[in-house]
1. Could you grab me the full set of residues in segment 1-53 that are in a helix (DSSP H, G or I) and either modelled with pLDDT under 95 or of a type in the set (Val, Ile, Thr) (or both)?
2. Can you tell me which condition Gly74 does not meet? The list is (1) in contact with a Lys or Arg (Cβ under 7 Å, 6 or more places away or on another chain); (2) of a type in the set (Gly, Ala, Ser); (3) more than 30 Å from Asp120 (Cα to Cα), and all the others hold.
3. Can you work out which of the residues in segment 100-133 that are of a type in the set (Ser, Thr, Tyr) and under 20 Å from Arg151 (Cβ atoms) is nearest to the chain's Cα centre (by Cα)?
4. For segment 30-64, enumerate the residues that are farther than 19 Å from Lys11 by Cβ and of a type in the set (Val, Ile, Thr).
5. In segment 10-29, which residues are surrounded by fewer than 18 Cβ atoms within 10 Å (Cβ to Cβ) and closer than 17 Å to Val97 by Cβ?
6. Find the residue count for segment 134-167, including only residues that are hydrophobic (A, V, I, L, M, F, W, C) and over 17 Å from the mean Cα position of the chain (by Cα).
Amino acid sequence: MQENEKRLKRKSPEARTSLMVFPNDTNDFGTMYGGRLIELMDMVGGICARRFTGTKAVTASIEDMQFYKPINKGDIIEITSSVIWTGTKSLIIKTKVTKEEYTEEKIICSRAYFCFVAIDLEGKPVVVPELLVESLTDKKNYAIGQEIRKRQKLEEKRFQIELKENL
């Protein structure tokens, strides 16, 4: 992409899936394994990233993973992802999980921010569309995404120091 070219502007798509939690998804307490939930959240976030970028996208980091409420065997969960911030070659996707027990009431259980990098067929980063921010909610989420990106940059510096010094 040339310096003077404008990036496409695009609204965030939404990726969503629902599933029932089975015994093989749960630990000795009958609650869902955190790692299994993260795997599913990453997959739905990846679908959202692909829809937004129109390319392959890989997970670069998981930021601020929160487990609010336990998810139990037999619960139906819904995982929803949307793009909240874009850089030049990366994007941050907010992914939320709600559960239904035996009513249709949705209870928020988990939330995380996934950073994805768009890549070409050779695995090299490519430019992503610019996020179209219109509503007040979009603006608030975008500001959250900016803060997350600032924290990521600090963490990346710290990680480089750890690698260099073999910590």
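The values are calculated or read from the model by the stated rules, or taken from the named source; none is laboratory data. Quick caveat: nothing in here was measured; it's all calculated off a predicted structure. Cβ sites come from the backbone with ideal geometry, for glycine too, and all protein chains shown count toward neighbours.
1. Ile38, Val44, Ile47, Thr53
2. (1)
3. Per the criteria, the residue is Tyr113.
4. Correct list: Thr31, Ile38, Val58, Thr59, Ile62.
5. Result: Glu14, Arg16, Thr17, Ser18, Leu19, Met20, Phe22, Asn27.
6. Of the residues in segment 134-167, 6 are hydrophobic (A, V, I, L, M, F, W, C) and over 17 Å from the mean Cα position of the chain (by Cα).
To keep it simple, each residue is scored yes or no on (1) in contact with a helix residue (DSSP H, G or I) (Cβ under 8 Å, 6 or more places away or on another chain); (2) at pLDDT 95 or above; (3) more than 17 Å from Ser61 (Cα to Cα).
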{"residue": "Ile119", "(1), (2), (3)": "no, yes, no"}
{"residue": "Leu136", "(1), (2), (3)": "no, yes, yes"}
{"residue": "Gln146", "(1), (2), (3)": "no, yes, no"}
{"residue": "Arg151", "(1), (2), (3)": "no, no, no"}
